[in-house]
Amino acid sequence: MATFMHLDGNSFYCSCERIFKPALRKKPVVVLSNNDGCIVALTKEAKALGLKRGTPFFQVADFLLKNDVSVFSSNYELYQSISDRIASIISESVPVIERYSIDEVFADVEGIPNLTDYCRDLRNRIERWTKVPCCVGIAPTKTLAKLCDHFAKTYPSLGHVMNWNDLTPERQCRALAVTPVDEIWGVGRRLTERLQSMGVTTALDLVEIPAPQLRSQFGVVLARTQKELSGVSVFPLEPTPPRPLQIYRSRSFGMPTNDINDLRAALSVHITEAARQLRKHELKAGLMTIFFHTNFFRPELPQDAAEIGVRLAEPTSDTLALIAEAEKALETRFNVNVLYVKAGVILGQLVDREIARGTPTLFDYERQVDEKRERLMKTLDQLEKDFGKNCLIPATSILSDAWRMKRDRLSPCYTTEWDDIPIVS
């Protein structure tokens, strides 16, 4: 029988901030979203003060200061680095893992003896080596494993680990009966409202709906979730992420701008990252869409929303070629008389790199040029692997920094920047 483990970091962003600041480990901590907009992560000490995820920072700034709450801007570079370390520790212990998100990992633990103790030892090792506290759920399906992880967080008496197979059938039913339907993995707000209108308020209620009725009213995905809650595994482990259908990159600006160089720099940075993802998945894009717009929430200001599709002559993953096309598109639509607050890029019509090559001909000069540019991009990727991301960047990326998101409370990148490495004297 299949057995899955689900492990995630408790208040992950906040826990990462506490690693190099031991004095914060028992104090309230919150982390803010992009541009320091709202609270996206908070510790149990912060929750005890009545703070909630999603609260705009400006509404509680005085409260946070008065209650000595430590506030940080999102340090994604640090969080990703710590996430990689945790995944590496898990990979040393289990053969196959799925990195579901930056703070969550599924793993195949079938056949491991004394599984509850084994996962408790693994969890303790991660906390000892990274200082990030974690909880673990173990179950015959991914949905139940994630639910068990929730129980491990909610009930300290479980010792941070819950194994569904350790429960009697009666206790399993009780666990489903006390689980609100909106706590089930994959059941969002709209589904919750529809289910509750039918009197389905708990996971046990969902399990007890006749399967044909559920499938006809809600479709195959929720029917699969019902099977998973019943202990039948239908969602397999995905150690290799599926190839994307499109690649999207965007970011709101730190401040409004009407300087075209700000948009040039922003689009260059987004395209560099998007093209890097193309090459990672061995894909090429046949269509690129760039977009930039003003603040829709300020209707009293002049408004503009540009979305320009660029059909590429040949599918490509060439960073420089994509930036050049974006530059031309930007100049056709930019309006200096408005203030833009966001820009981004979408790469679509993705095709396999080898398919995009086509059939070579005897005098195929363009193909030879394309192969040279592919070797250039391959060299760039290897340099980034050896010396770190963005060790080499397009010149357009540094035309301006004014567009970059506001991170006034950013902590040092202790694990990714040489200048930020802590020094012990």
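Note on the range 1-75: Rg/Rh from C-alpha atoms, Kirkwood Rh, equals 1.07. Can you give the log10 of the normalised intensity I(q)/I(0) at q = 0.11, 0.12 Å⁻¹, computed with Debye over equal Cα scatterers of the chain? Each listed q corresponds, in turn, to -1.08, -1.24. The residues of the range 1-97 have, on average, 45 Å² of accessible surface per residue, using a 1.4 Å probe with all protein chains present.
The mean sequence distance of close C-alpha pairs (under 8 Å, at least 6 residues apart), as a share of the length of the chain, puts its relative contact order at 17 percent. Phi angles across the range 394-409 convert, under the Karplus curve 6.51 cos²θ - 1.76 cosθ + 1.60 with θ = phi - 60°, into 3J(HN,Hα) values of x, 4, 5, 5, 10, 5, 7, 10, 4, 6, 4, 5, 6, 9, 5, 10 Hz, Gly and Pro given as x.
Per the Debye calculation on the range 206-347 with a single equal scatterer at every Cα and no solvent contribution, log₁₀ I(q)/I(0) for q = 0.10, 0.17, 0.20, 0.21 Å⁻¹ amounts to -0.53, -0.85, -1.05, -1.13. With all pairs of different C-alpha atoms in the average, the Kirkwood value for the hydrodynamic radius of the range 287-351 is 12.8 Å. Amide H to amide H distances under 5 Å link V40 with V31, L32, S33, G54, where only residues 5 or more positions off or on other chains count and H is placed in the peptide plane. Counting every pair of alpha carbons in the range 203-280, the share spaced more than 21 Å apart comes to 59 percent.
For the chain, the longest principal axis of the alpha carbon atoms and the long axis of helix 57-66 meet at an angle near 60°.
Over the C-alpha atoms of the range 1-152, the Rg to Rh ratio, Rh being the Kirkwood estimate, stands at 1.02.
The ellipsoid equivalent to the alpha-carbon distribution of the range 112-206 has semi-axes of 28, 15, 10 angstrom, derived from the gyration tensor eigenvalues as √(5λ) and listed largest first. Above 16 Å, the calculated P(r) of the range 247-306 contains 53 percent of its Cα-Cα pairs. A 1.4 Å probe over all protein chains sorts I323, I102 by accessible area into I102, I323, starting with the largest.
The string of couplings for the range 190-204 from the Karplus curve (6.51, -1.76, 1.60, θ = phi - 60°) is 5, 5, 4, 5, 5, 5, 5, 5, 9, x, 8, 10, 10, 4, 5 Hz, one whole number per residue in order, with x for Gly and Pro. Going by a ≥ b ≥ c, the root eigenvalues of the Cα gyration tensor, does the range 1-44 fall in the rounded group (a/c under 1.5), the prolate group (a/b larger than b/c) or the oblate group? The shape class here is oblate. Could you give the alpha-carbon Rg of the range 65-174 over 2.2 N^0.38 Å, rounded to two decimals? The reported ratio for this selection is 1.19. Around the Cα centre of the chain, unit charges on the Cβ atoms of Lys, Arg, Asp and Glu (plus for the first two, minus for the last two) sum to a dipole of about 740 debye. Surface composition of the chain: carbon plus sulfur atoms contribute 54% of the solvent-accessible area (1.4 Å probe, protein chains only, all chains present). Taking amide H positions as modeled 1.01 Å from N, with prolines and chain starts lacking one, the residues under 5 Å from R409 and 5 or more places away or on another chain are S73.
For the range 70-194, relative contact order (Cα pairs under 8 Å, six or more residues apart, normalised by length) works out to 15 percent. Taking the 0 to 90 degree range and rounding to the nearest ten, how far is the long axis of helix 365-387 tilted relative to the main principal axis of the chain, both from C-alpha atoms? Helix 365-387 sits at roughly 50 degrees to that axis. Amide H contacts for C135 (H built 1.01 Å from N in the peptide plane; partners 5 or more residues away or on another chain; cut-off under 5 Å): D8, N10. Positive end of the dipole of the chain (Cβ unit charges, origin at the Cα centre): among V96, F4, G388, the Cα lying farthest that way belongs to F4.
When the chain is described by a simple charge dipole with +1 on each Lys and Arg Cβ and -1 on each Asp and Glu Cβ, the residue from V232, L65, C413 located farthest towards its positive end is L65.
Computed on protein heavy atoms with a 1.4 Å probe, the accessible areas place Y13, Y100, Y340 in the order Y100, Y13, Y340, largest first.
Measuring with a 1.4 angstrom probe and ignoring ligands and nucleic acids, F63 comes out at about 80 Å² accessible.
Once you charge only the Cβ atoms, +1 for Lys and Arg and -1 for Asp and Glu, what is the size of the charge dipole of the range 169-286 about its Cα centre, to the nearest 20 debye? Rounded to the nearest 20 debye, it is 440 debye.
When the pairs K280/K385; K44/K131; K52/K131; K284/K342; K142/K280 are compared against a 18 Å limit on Cα-Cα distance, K52/K131; K284/K342; K142/K280 fall above it. Surface listing: K280, K21 arranged by accessible area from highest to lowest gives K280, K21, probe 1.4 Å. Helical content alone sets the calculated 222 nm signal of the chain at -13000 deg cm²/dmol, taking -39,500 (n - 2.57) per DSSP H segment of four or more residues and averaging over every residue. Applying Stokes-Einstein at 10 °C and 1.306 mPa s to the Kirkwood radius of the range 266-425, computed over alpha-carbon pairs, gives a translational diffusion coefficient of 88 µm² s⁻¹. The Cα center of the range 159-228 and the Cα center of the range 385-416 differ in position by 43 Å. The equivalent ellipsoid of the range 40-110 has semi-axes of 34, 13, 10 Å, largest first, where each one is the square root of 5 times an eigenvalue of the Cα gyration tensor.
The values are calculated or read from the model by the stated rules, or taken from the named source; none is laboratory data. On a predicted model such as this, the values are computed, not experimentally measured, just so you know. So basically every Cβ, Gly included, is an ideal-geometry build from the backbone, and we count neighbours across all protein chains shown. We work out accessible area using only protein heavy atoms, side chains counted, and drop any ligands, DNA or RNA first. Shrake-Rupley method; radii C 1.70, N 1.55, O 1.52, S 1.80 Å.
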